[in-house]
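The values are calculated or read from the model by the stated rules, or taken from the named source; none is laboratory data. What you see is a predicted model, and the numbers here were worked out from it, not measured in a lab. Don't worry about glycine lacking a Cβ; one is built from the backbone with ideal geometry, like all the others, and counts go over all protein chains shown. For the accessible areas, the whole protein counts, side chains as well, though only heavy atoms, and no ligand, DNA or RNA atoms are used. Shrake-Rupley method; radii C 1.70, N 1.55, O 1.52, S 1.80 Å.
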Amino acid sequence: MKVYQTNEIKNIAILGSSGSGKTTLAEAMLYEGGVIKRRGTVEAGNTVSDYFPVEKEYGYSVFSTVFSVEWQDRKLNFIDCPGADDFIGGAVSALNVTDTALMLLNAQYGIEVGTINQLRYTEQFNKPVIFIINHLDNAAADYEGAVAQLRDRFGSKVVQIQYPVNQGFSFNAVVDVLKMKMYRWKPEGGVPEVLEIPAGEADKATELHTALVEAAAEHDDRLMEKFFDEGSLSEDELRAGISAGLITRGMFPVFCVCAGKDMCVRRTLEFLGNVVPTVDRMQHVKTTEGKEIAPDSNGPTSIFFFKTTIEPHIGQVSYFKVISGKVKESDDLLNANRGSKERIAQIFSVAGQVRNPVTEIMAGDIGATVKLKDVRRGNTLNGKGADYTFDFIRYPNPKFRRAIRAINEADSEKMSELLNRMREEDPTWIVEQSKELKQTIVSGQGEFHLRTLKWRMENNEKIAIEFLEPKIPYRETITKSARADYRHKKQSGGAGQFGEVHLIVEPYYEGMPAPELYRFGNQEYKMSVRDTQIIDLDWGGKLIFVNCIVGGSIDARFLPAILKGVMARMEQGPLTGSYARDVRIIVYDGKMHPVDSNEISFMLAGRNAFSTAFKAAGPKILEPIYDVEVSVPADYLGDVMSDLQGRRSIIMGMNSEKGYEVLMAKVPLKEMSSYSTSLSSITGGRASFIMKFASYELVPADVQEKLLKAYAESQEDD
Ligand SMILES: Nc1nc2c(ncn2[C@@H]2O[C@H](COP(=O)(O)OP(=O)(O)O)[C@@H](O)[C@H]2O)c(=O)[nH]1
Ligand SMILES: [Mg+2]
């Protein structure tokens with residue numbers, strides 16, 4: 001492959017709901033681009049994309065696939081993305097290193113929940129979108145219906161470039177109102193006949209052509225003037241107007257394809273080659289410090305790694321985008337994130353798992369390399385004169401978590417290594433060795449996501465694993481003040497121990513006044529504060545430790561030991577062994593023994609006095625509450641709401657979004673365990689949700705009861 005200059009390169013993400021035909025379109029493009037000699041099919045498992053065993057097993061894309069097609073002196077870099085929500089990570093990475101998105105719609109269904117989710121990301125990342133309506137040969141294809149749905153959502157920004165003359169089994173022709181020609185294919189697809197528009201289509205074609213001219217003129221003052229003067233625009237002027245409209249997301253062109261039959265694929269490549277803006281016309285990326293970096297091949301070399309795959313026989317393949325300068329074989333570069341030096345062995349342009357060596361890759365282009373020593377996804381390698389780092393890719397929060405365990409204990413270490421490796425390949429995995437829950441927790445985007453992990457562990461790595469219900473990171477706190485004292489005394493055989501601590505506990509809240517006077521029973525306790533320690537707890541919340549010892553009843557050197565004892569109980573709360581938070585402790589009295597008092601004595605006395613007081617202070621369990629946002633087609637709203645209400649949730653509000661309702665609710669994490677599975681079964685996979693930690697709230701009394709009982713039973717078992 002020749003070396004392409006920045007103004008000859010276009011980076012395009014292929015998006016769309018699962019099954020809309022992205023991988024099949026990619027295959028047809030590679031075929032029409034001469035990269036492959038024969039088109040594979042998803043069914044046969046022999047496509048360029050979907051080459052991982054797990055993808056062949058499940059028949060859908062799990063990872064994004066990078067490939068390039070040279071077309072009319074342009075290099076079109078594509079990233080075929082997974083469509084399923086569970087594998088959204090691939091689309092998020094792709095959207096951040098490409099400039100334009102092709103959004104495929106299945107003509108049978110039009111806009112699906114997967115489409116909406118991915119559209120949101122194109123909006124979030126401000127990416128131009130071209131709609132491609134595929135599956136036109138399907139009996140249930142409804143092109144007009146799909147366009148109407150798009151108009152509902154985006155109004156007059158949706159501009160048809162083509163429409164199918166016939167849909168369904170006999171589909172074989174489209175009218176293109178930019179070229180004002182009809183394209184017709186033989187059953188084998190490929191190169192079309194280019195014909196004059198038949199009389200029967202002339203009115204419709206003219207009407208759509210006029211709409212296209214008006215829309216194109218809108219995005220360029222010079223064109224607008226020409227349009228007013230002459231009432232029409234040339235093909236090149238139309239392209240310029242469409243291009244300008246694309247960049248501002250002021251226009252969403254609509255195309256037709258039948259990827260399965262390789263029809264209208266060449267025309268699509270032509271349009272991409274002619275109209276989609278090249279890298280140098282797009283928004284520049286910013287470094288972590290906010291500095292804008294232009295894709296200038298004469299600038300200092302800086303390459304950003306956005307994707308990693310581990311491939312049999314070759315190991316790690318690292319995919320990068322040249323942000324500035326150019327990269328060539330045997331370049332010595334510095335890893336800005338890890339400080340290590342790297343020599344670039346070979347660089348490749350890729351088509352799935354096929355890598356074609358190239359000598360040099362210029363700014364704006366995408367390539368791959370292998371055998372790097374110490375590069376992770378998200379790292380940047382810089383040459384002389386560049387010290388950039390980039391962190392512009394933000395991945396969605398996880399929404400499905402499970403504890404994971406190797407069936408065979410001996411495999412545990414290997415399993416952890418593999419989990420980290422899988423996280424390197426798919427950044428939406430969160431792997432946590434939870435000291436608190438004593439579990440390894442994997443959090444991902446959904447049940448499918450975890451199922452693929454299990455399949456890969458067991459089939460590729462021969463490690464049997466099981467998923468377990470993850471424990472909930474509960475918290476404990478108190479709701480009123482209480483006093484307790486505890487004497488620790490051990491004076492039988494060997495060194496004696498003696499320590500006595502009197503303390504008060506009370507709920508901590510921001511801005512609470514200094515301790516002064518307390519009444520327990522009919523006794524008053526007047527405090528004089530000697531010292532206050534404010535401790536931000538690693539697990540959230542605060543502990544305030546106040547020394548109100550007077551008269552030296554406890555020597556100051558024992559206070560740290562008392563605090564240590566208290567912290568031990570804060571770490572393993574008195575109720576259910578969960579972390580405790582938001583407590584103020586006032587140590588106001590005690591007793592020492594001249595000989596037997598020592599650290600351990602006061603550590604134990606402190607711990608037990610605190611425990612006793614905690615239990616008498618209206619102790620409550622807190623549970624993590626998540627903000628959940630569910631996007632659901634209006635006709636499923638009732639079912640989804642009642643299901644949520646059955647999960648102890650509080651509905652916070654609702655927004656309507658063109659045929660979809662967005663429900664906001666606060667839901668306990670405990671109730672979200674298999675939410676993605678239930679939601680998909682309630683709505684037939686037509687809804688999606690996101691969730692984010694919100695706060696800790698008191699559990700209802702009955703739930704607390706159950707938790708205390710379960711904990712007591714677990715203690716008996718130990
Ligand atoms: N009839 C028909 N089937 C298609 C077309 N495009 C894709 N398919 C089929 O739709 C299914 C999903 O295609 P795939 O490319 O995997 O979709 P993706 O999930 O978007 O990558 C596969 O069975 C394809 O063979 C098309 O234009 N017509
Ligand atoms: Mg696919």
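To the nearest 20 Debye, how big is the dipole of region 476-618 about its Cα centre, given +1 on the beta carbon of each Lys and Arg and -1 on that of each Asp and Glu?
340 debye
Starting from the amide H of Ile323, placed 1.01 Å from N in the peptide plane, find each other amide H under 5 Å away whose residue is 5 or more places distant or on another chain.
Here the answer is Ser302, Ile303, Phe304, Gly364, since their amide H atoms fall under 5 Å of that of Ile323.
Taking N as the number of residues in region 73-125, what is its Cα Rg relative to 2.2 N^0.38 Å?
Rounded to two decimals, the normalised Rg is 1.18.
Please list, or write none, the lysines whose alpha carbon is within less than 23 Å of the alpha carbon of Lys261, excluding same-chain residues fewer than 8 places away.
Answer for Lys261, where 23 Å is the Cα cut-off: Lys22, Lys37, Lys56, Lys179, Lys181, Lys186, listed by chain and number.
Rounded to the nearest 10 degrees, what's the angle between the helix 559-571 long axis and the longest principal axis of the chain, both from Cα atoms, 0 to 90?
The answer is roughly 50 degrees.
If you plug each phi of region 113-120 into the Karplus form 6.51 cos²θ - 1.76 cosθ + 1.60 with θ = phi - 60°, what whole-Hz ³J(HN,Hα) values come out, in order, with x for Gly and Pro?
4, x, 4, 4, 4, 6, 4, 4
Counting Lys and Arg as +1 and Asp and Glu as -1, each charge on the Cβ, what is the dipole of the chain about the Cα centre in debye, to the nearest 20? Mind dumping the intermediate values first?
Numbers: 85 positive and 98 negative charges, 412 e Å.
Value, rounded to 20: 1980 debye.
Could you compute how fast the chain diffuses translationally, taking Rh as the Kirkwood radius over C-alpha pairs and applying Stokes-Einstein at 25 °C with viscosity 0.890 mPa s? Give it in µm² per second.
The calculation lands on 84 µm²/s.
Report, in whole Å, the centroid distance computed from the Cα atoms of region 580-599 and region 627-670.
When both Cα centres are located, 49 Å separates them.
Over 23 Å between C-alpha atoms is what I'm after, so list which of Lys373/Lys414; Lys438/Lys706; Lys471/Lys692; Lys321/Lys399; Lys2/Lys328 land there.
Over 23 Å Cα-Cα: Lys321/Lys399.
Suppose R0 equals 41 Å; then what is the FRET efficiency for Met1 and Gln433 from their Cβ-Cβ distance, rounded to the nearest 0.05? Write down the numbers at each step before the final one.
Working: r = 44 Å, r/R0 = 1.07.
After rounding to 0.05, the efficiency reads 0.40.
Quick check on region 93-235: take the gyration tensor over C-alpha atoms, sort the square-rooted eigenvalues as a ≥ b ≥ c, and tell me if it's rounded (a/c under 1.5), prolate or oblate.
It is oblate, given that a/c is not under 1.5 and a/b is not larger than b/c.
Run the quick spin-label model on Asp203 and Tyr58: label points 7 Å from Cα toward the beta carbon, then report their separation in nm to one decimal.
Modelled inter-label distance: 5.0 nm.
Please name whichever of Ile247, Ala139, Ala464 sits farthest to the positive end of the charge dipole of the chain, dipole taken about the Cα centre and charges placed at Cβ: Lys and Arg +1, Asp and Glu -1.
Result: Ala464.
Once the convex hull of the alpha carbons of region 400-471 is built, what does its volume come to per residue, in cubic angstrom?
Taking only Cα atoms, region 400-471 has a hull volume of 78 Å³ per residue.
Out of residues 5 or more away from Val48 or on other chains, whose amide H comes under 5 Å of its own, with H placed 1.01 Å from N in the peptide plane?
Gly40
Return the FRET efficiency for the residue pair Ala514, Arg487: r is the Cβ-Cβ distance, R0 is 45 Å, and the value is rounded to the nearest 0.05.
In this case the efficiency is close to 0.95.
Among the trypsin sites (Lys or Arg not before Pro) within region 260-303, which fall in a DSSP loop and have no more than 14 other Cβ atoms within 10 Å of their own Cβ? If you can, show how the numbers build up before the last one.
Working: sites: Lys261, Arg266, Arg267, Arg281, Lys286, Lys291; in loops: Lys291.
Passing both the DSSP loop test and the Cβ count: Lys291.
Go through Lys542/Lys620; Lys10/Lys226; Lys341/Lys454; Lys489/Lys615 and tell me which ones have a Cα-Cα distance over 26 Å in this structure. Numbers along the way, then the final one.
Numbers: Lys542/Lys620 16 Å; Lys10/Lys226 29 Å; Lys341/Lys454 35 Å; Lys489/Lys615 22 Å.
Beyond 26 Å: Lys10/Lys226; Lys341/Lys454.
Tell me which of Pro574, Ile407, Phe390 sits at the most positive position along the dipole axis of the chain, charges placed on C-beta atoms (Lys, Arg +1; Asp, Glu -1).
Most positive-ward Cα: Pro574.
Relative contact order, percent, of the chain when contacts are C-alpha pairs under 8 Å separated by at least 6 residues?
Relative contact order comes out at 10 percent.
Whole-Å semi-axes of region 614-663's equivalent ellipsoid, largest first, each the root of 5 times a Cα gyration tensor eigenvalue?
Computed over region 614-663, the values are 33, 11, 7 Å.
Carbon-plus-sulfur fraction of the accessible area of the chain, 1.4 Å probe, in percent? If you can, show how the numbers build up before the last one.
Numbers: 14730 of 30030 Å².
Here it works out to 49 percent.
Whole-Hz ³J(HN,Hα) for each residue in region 470-483, computed from phi via Karplus 6.51 cos²θ - 1.76 cosθ + 1.60 with θ = phi - 60°, x for glycine and proline: what do you get?
For region 470-483, the Karplus curve yields x, 5, 9, x, 5, 10, 10, 8, 10, 10, 8, 8, 8, 10 Hz.
From the phi angles alone, apply the Karplus equation (6.51, -1.76, 1.60; θ = phi - 60°) to region 321-330 and give each ³J(HN,Hα) in whole Hz, x where the residue is Gly or Pro.
So the Karplus estimates, Gly and Pro as x, are 10, 7, 7, 8, x, 8, 10, 9, 3, 6 Hz.
When the dipole is taken about the Cα centre of region 293-382, and only Lys, Arg (+1) and Asp, Glu (-1) are charged at their Cβ, what size is it in debye, to the nearest 20? Please report the intermediate quantities before stating the final value.
Values: 12 positive and 9 negative charges, 58 e Å.
That gives region 293-382 a dipole magnitude of about 280 debye.
Considering the Cα positions of region 585-718, please state its Rg to one decimal place and its Dmax as a whole number of Å.
Calculated on Cα positions, Rg and Dmax stand at 23.0, 78 Å.
On average, how much accessible surface per residue is there in the chain, in Å², for a 1.4 Å probe, leaving out ligands, DNA and RNA?
Heavy-atom SASA per residue in the chain reads 42 Å².
Local charge sum around Met282 (other residues, Cβ-Cβ under 11 Å, Lys/Arg +1, Asp/Glu -1)?
Values: positive: Lys10, Lys127, Arg281; negative: Asp99, Asp280.
Neighbour charge sum, excluding Met282 itself: +1.
Can you give me the long-range amide H partners of Lys490? Hydrogens built in the peptide plane at 1.01 Å from N, cutoff under 5 Å, separation of 5 or more residues or another chain.
Gln497, Phe498
Loop-only GluC sites (Glu not before Pro) in region 33-66, please: DSSP not H, G, I, E or B, and at most 12 other Cβ atoms within 10 Å.
On the way: sites: Glu43, Glu55, Glu57; in loops: Glu43.
In loop regions of region 33-66 (DSSP not H, G, I, E or B), the sparsely surrounded GluC sites (Glu not before Pro) are Glu43.
Round to a whole angstrom and tell me the spacing of the C-alpha centers of region 393-432 and region 197-223.
Result: 52 Å between the Cα centres.
Between 0 and 90 degrees, rounded to the nearest ten: what's the tilt of helix 22-32 against the longest Cα principal axis of the chain?
Result, in degrees: 40.
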